[in-house]
Amino acid sequence: MVGIKWRHRARAAAPLALVLLAATGCDSGTTDATPKPTAAPSTSAVRVCAVPAAGPSKAPAGAVTVDPAVPGDLAAKTESSPPHTTFWLRPGRHTLMSDRYDQVIPKEGDVYVGAPGAVLDGRGSNHYAFGGSAPDVTIRYLTVQKFVAPRDEGVVNHDSADGWVIEHATIKDNSGAGLMAGARQQVRDSCLRDNGQYGMNAYKGGGPLKDLVVEGNEIVGNNTDDWERQRPDCGCSGGVKFWAVDGADIRGNWVHGNRGTGLWADTNNNDFLIEDNLIEDNDGAALIYEISYNAVVRDNTIRRNNWVEGRAYAAAGDTFPFATVYLSESGGEPRIRARTNKIDVYRNVLENNWSGITLWENADRFCNSPANTSSGDCTLLVKNTARCVQPAIARAPLYSDCRWRTQRVDIHDNRFVLDKSVLHCTVKCDRMAVLSNYGTFPDWSPYQGERVAESITREQHNRWRDNVYVGPWTFVVHDASRTVGFKQWRASPYRQDGGSTLRARDGG
């Protein structure tokens, strides 16, 4: 898989590795310190990492017992057993054989159940734990740790087989992604912790990956290898990354303390429901929804995110409104089947994050443009990328269909709370935004000048309404140079946040 970069501004930014080094002093609204969040987690958060559920202390009826004292016993017994076998791993440290490619290759319908204390350990040498193409495999009550998958590859379900169920598992301290995903995969009540790149990488070669459920998990401390520092602007890190997923329910998870973004949907995702999650204390954005379509984001608690990355860019003098919820070239599209035909963001509470919600559309990013960093992908509306050239791209329907459009975004009935004394900032941490850049290239682009900036601001049905703001919020409109106050934001020509209120302090 080729990593997909993300670049959202009209000009190139300093590599994040250099920016982070610059973030230690007082500059552009920062203070001398770069504080880390210290508040206790919510009492309602799922704490599956601290208190993992215990598996059965005796083998289920008919199960094959796996002995931790025998190296490679799990893989060997899997190979010699028929499909739809249940395996019970006894308490202890289970290992594979010494070759780095040794792994368990399940058969269709196999079930793996760990006893209390059962651990499958890659010992820092095996690349993968479970692989192969067999569908409908189940893994429960098992800890999988210390495997060393390469970048962009995963340890559990390495080959993105379909229909896997991962429940009450702990997948931790691995390189690469702890878990890959296939169609119809369910990941429930599991701990995805301290993995080198992602907790989970939801990617299937030749996609799309359909009908994914991620529910009740704790996703914490991932990207320990700090891939954005190793490969600046790679867009290859965070808690969970979703690539070309069609239909996903992301519900009731505790996503916290990840280096980089918490949840990141990148490139032609569609039909997401993101609800009832607690997303907090991630170094970067809580949620990025990028060049994707049709989503519902509701009833989430989002707090203290983006303190590290937002502060770093501010310290470097970057004027772009880096946000905690970042909708980049993403919007509602009625022609693509989903449970909604817009991006509907409502009933969320955002508290003391570095800025709020940014709607962004890069004027220079479209099919066949050099600014399209997503590995040559085109929109879901154009099957033949070669059509997106002059003169056809300058006329309907390709003028619209050859670019990902930030459109039909409805942001309503949310609560946005900001206390700058908590963040230790003075400026650049207080922004909502809807904007684009001045289109410049390539020379055959039909989107040059202010066309996209005018369209995203006034013509693409992007709307804030009926929200509650507490604190000193400002609003960036049209382009990064134009910042207005609440009164002007609500007045002509922008007419945003009808029915909304703003007050200086929280009254409850």
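The values are calculated or read from the model by the stated rules, or taken from the named source; none is laboratory data. None of these values were measured; they are calculated from a predicted model. With ideal geometry, Cβ positions are generated from the backbone for all residues, glycine too; neighbour counts draw on all protein chains shown. Please note that ligands, DNA and RNA were not included when accessible areas were found on the heavy atoms of the full protein model with its side chains. Shrake-Rupley method; radii C 1.70, N 1.55, O 1.52, S 1.80 Å.
Cross-link partners among lysines for K172, C-alpha distance below 17 Å, same-chain residues fewer than 8 apart left out?
K146, K241
Per residue of segment 65-74, in order, report the coupling 6.51 cos²θ - 1.76 cosθ + 1.60 (Karplus, θ = phi - 60°) as ³J(HN,Hα) in whole Hz, putting x for Gly and Pro.
8, 10, 9, x, 6, 10, x, x, 5, 5
Sequence-distant or interchain residues sharing an amide H contact under 5 Å with V104, placed H: which?
Here F130, G131 satisfy the definition.
Would you grab the residues whose amide H sits under 5 Å from the one on V296? Only those 5+ places off in sequence or on another chain, please, with H modelled 1.01 Å from N.
Those lying under 5 Å, H to H, from V296 are F272, L273, I274, D344.
So what is the relative contact order of segment 89-181, in percent, for Cα pairs below 8 Å that sit 6 or more residues apart?
Values: 270 pairs, mean separation 24.8, N = 93.
It comes to 27 percent, rounded to a whole number.
Loop-only GluC sites (Glu not before Pro) in segment 178-275, please: DSSP not H, G, I, E or B, and at most 14 other Cβ atoms within 10 Å. Numbers along the way, then the final one.
Values: sites: E215, E218, E228, E275; in loops: none.
Passing sites in segment 178-275 do not exist.
Tell me the net charge near R90. Cut-off is 13 Å between Cβ atoms, R90 excluded, with +1 for each Lys or Arg and -1 for each Asp or Glu. Display every interim value, and only then the final one.
Numbers: positive: K58, K77, R93; negative: D67, D73.
Around R90, the charge tally is +1.
On the protein heavy atoms, probe 1.4 angstrom, tell me the percent of accessible surface of the chain carried by carbon and sulfur.
Working: 9300 of 18500 Å².
C and S fraction of accessible area: 50 percent.
What are the ³J(HN,Hα) values, in whole Hz, obtained from phi via the Karplus relation 6.51 cos²θ - 1.76 cosθ + 1.60 with θ = phi - 60°, for each residue of segment 202-209 in sequence order, with x given for Gly and Pro?
In residue order, the calculated couplings are 8, 9, 9, x, x, x, x, 8 Hz.
With each label point set 7 Å from Cα along the Cα-Cβ vector, what nm distance links E275 and I336?
That separation, rounded to one decimal, is 2.1 nm.
I want the local charge near R415. Using Cβ-Cβ distances under 9 Å, sum +1 for each Lys or Arg and -1 for each Asp or Glu among the other residues. Can you show the working numbers first?
Details: positive: R347; negative: E351, D413.
With Lys, Arg at +1 and Asp, Glu at -1, the neighbours total -1.
Work out from phi, with θ = phi - 60° and the Karplus expression 6.51 cos²θ - 1.76 cosθ + 1.60, the ³J(HN,Hα) of each residue of segment 343-357, listed in order in whole Hz, and give x for Gly and Pro.
Each residue's phi maps through the Karplus curve to give 9, 10, 10, 8, 6, 9, 10, 10, 10, 6, 8, 7, 6, x, 10 Hz.
Sorted by mean Cβ packing within 10 Å, highest first, what order do the peptides 426-436, 386-396 take? Can you show the working numbers first?
Working: 426-436: 23.0, 386-396: 13.5.
Answer by packing, highest mean first, reads 426-436, 386-396.
Let me have the relative contact order for the chain, percent, based on Cα pairs under 8 Å that are six or more residues apart.
Reported as a whole number, the value is 11 percent.
Grab the Cα-Cα distance for R347 and D419, subtract it from 0.36 nm times how many residues apart they are, and report the gain in nm with one decimal.
Numbers: separation 72, 0.36 × 72 = 25.92 nm, distance 2.01 nm.
Stretched out fully, the R347 to D419 stretch lengthens by 23.9 nm.
I'd like the antiparallel share, as a percent to the nearest 5, of DSSP beta bridges with both residues in the chain.
Of those bridges, close to 5 percent are antiparallel.
Taking the dipole about the Cα centre of segment 88-189, with the C-beta of Lys and Arg at +1 and of Asp and Glu at -1, give me whichever of V144, G131, G92 is farthest to the positive side.
Looking along the dipole axis, the top candidate is G92.
How many Å² of accessible area per residue for the chain, probe 1.4 Å? Before the final figure, lay out each step's value.
Details: 18500 Å² over 508 residues.
Here the residues of the chain average 36 Å² of exposed surface.
Which of these values of Cα extents along the principal axes in Å was calculated from the structure shown: (1) 72, 54, 39; (2) 69, 52, 51; (3) 73, 51, 47?
It is the value labelled (1).
So what's the net charge close to T324: Lys and Arg +1, Asp and Glu -1, counting the other residues with Cβ under 11 Å from its Cβ?
Value of the local net charge: 0.
Using the basic label-point model (7 angstrom from Cα toward the beta carbon), what is the V70 to V51 distance in nanometres?
So the two model labels end up 3.7 nm from each other.
Test of the criteria: in segment 329-371, which trypsin sites (Lys or Arg not before Pro) are in a DSSP loop and have at most 10 other Cβ atoms within 10 angstrom of their Cβ?
On the way: sites: R335, R337, R339, K342, R347, R365; in loops: R335, R337, R339, K342, R347, R365.
Sparse-neighbourhood loop trypsin sites (Lys or Arg not before Pro): R335.
In whole percent, what relative contact order does segment 348-463 give with Cα contacts below 8 Å and a gap of six or more residues?
Numbers: 178 pairs, mean separation 46.5, N = 116.
Worked out over segment 348-463, it gives 40 percent.
Would you mind checking which residues have amide H under 5 Å from V187's amide H? H placed 1.01 Å from N; only 5 or more apart, or other chain.
Counting only residues 5 or more places away or on other chains, the set is I166, V213, V214, E215.
Let me know the charge dipole size of the chain about its Cα centre in debye, to the nearest 20, where only the beta-carbon of Lys, Arg (+1) and Asp, Glu (-1) is charged.
Working: 57 positive and 59 negative charges, 189 e Å.
Around 900 debye, computed over the chain.
So for the chain, taking the charge dipole from beta-carbon charges (+1 Lys/Arg, -1 Asp/Glu), which of A118, G499, H412 sits furthest toward the positive end?
G499
Would you work out which of M432, I336, W307 lies farthest towards the positive end of the dipole of the chain, given +1 charges on the beta-carbon of Lys and Arg and -1 on that of Asp and Glu, about the Cα centre?
M432
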